[in-house]
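Written out below as structure tokens is the structure these notes cover.
FYI, it's all coordinate maths here, none of it is from the lab. Owing to the predicted nature of the structure, the values given are computational and were not obtained by experimental measurement. Here the Cβ is made from the backbone with ideal geometry for all residues, glycine too, and neighbour counts use every protein chain on show.
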Amino acid sequence: MVEAHITVAGEWGSGDRLDKLDRRRATSAVDRVDVRLHDTVRSEKRNGRGDRCSPHDPQYVATAPGSGPRHLAWHPNGRWIYLIEELSNTITLFTWDGASGRLDAKQTVNTLPADFAGENTTAEILVRGDGRFVYASNRGHDSVAVFGVDQENGRLALASRVNAGGRTPRYLAFDPSQAWLFAANVDSDAISQFRVDVESGALTLHGSPHHQPRPYGLAFAAVT
């Protein structure tokens, strides 16, 4: 058995904003996703044992120079994948052909308001379990952008944007019910909790932020 495998590359980046990237880490691994090289998306196939990969052809898909590819999130239909680019503050939609390992860029949207002139880098991206909305965090503007997903083609349209409830929202996570979204705000030592509107995807801040020194990530564990 051969499993399709995708690698997104952006640890070092390129272009004149290279200094903005965190050089200490390969950014993430999510399902069939890992982050490693220079403003590229690499596609591979993995054997059934999971111990060997070989490249698809073409092996790489280039992103915009200096965009800083960071994290990927799959749509539940398995045909669309969303890449958040931390230096350009953008999300790019790719279509995915699992048989050939081919990725094709279809759309790029900005996560920031058009009139925002401050410093910002994006961080986390999530696709809601029903595939109707995409969520992205802005570090600097300190917000969470919510995009509606066109169920015909995967394209994004801004639905809403909300203050993250703290500074530098580095990580986002849904609770298991996906009725709640949490934002880990690193520079204000706070985790914000939002109620998720089922129909509009909008976020509403719930209560006061939870104090937690330097929260870098969140994970829910099953308790028995």
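What separates the Cα centres of the range 99-168 and the range 193-223 is a distance of 17 Å.
Fewest first, what order do Ile125, Ile84 take by the number of other Cβ atoms within 10 Å? Can you show the working numbers first?
Working: Ile125 24, Ile84 28.
Ascending Cβ contact count within 10 Å gives the list Ile125, Ile84.
Taking square-rooted eigenvalues a ≥ b ≥ c of the alpha carbon gyration tensor, is the range 117-224 rounded, prolate or oblate, where a/c under 1.5 means rounded and, failing that, a/b exceeding b/c means prolate? The shape class here is oblate.
In this structure the amide hydrogen of Asn89, modeled in the peptide plane, comes within under 5 Å of the amide hydrogens of Thr122, none closer than 5 places in sequence on its chain. If R0 equals 45 Å, the separation of the Cβ atoms of Arg214 and Ala99 corresponds to a calculated FRET efficiency of about 0.55. Kindly list the residues of the range 140-157 that lie in the label zone of Ala114, defined by a backbone N under 16 Å from the point 7 Å along the Cα-to-C-beta vector. It comes to 157, nothing else. Near the amide H of His206, within less than 5 Å, lie the amide hydrogens of Gln193, Phe194, Arg195, all on another chain or at least 5 residues away, with H placed in the peptide plane. Backbone amide hydrogens, once placed in the peptide plane, bring Gln107 within less than 5 Å of Leu93, excluding anything fewer than 5 places away on its chain.
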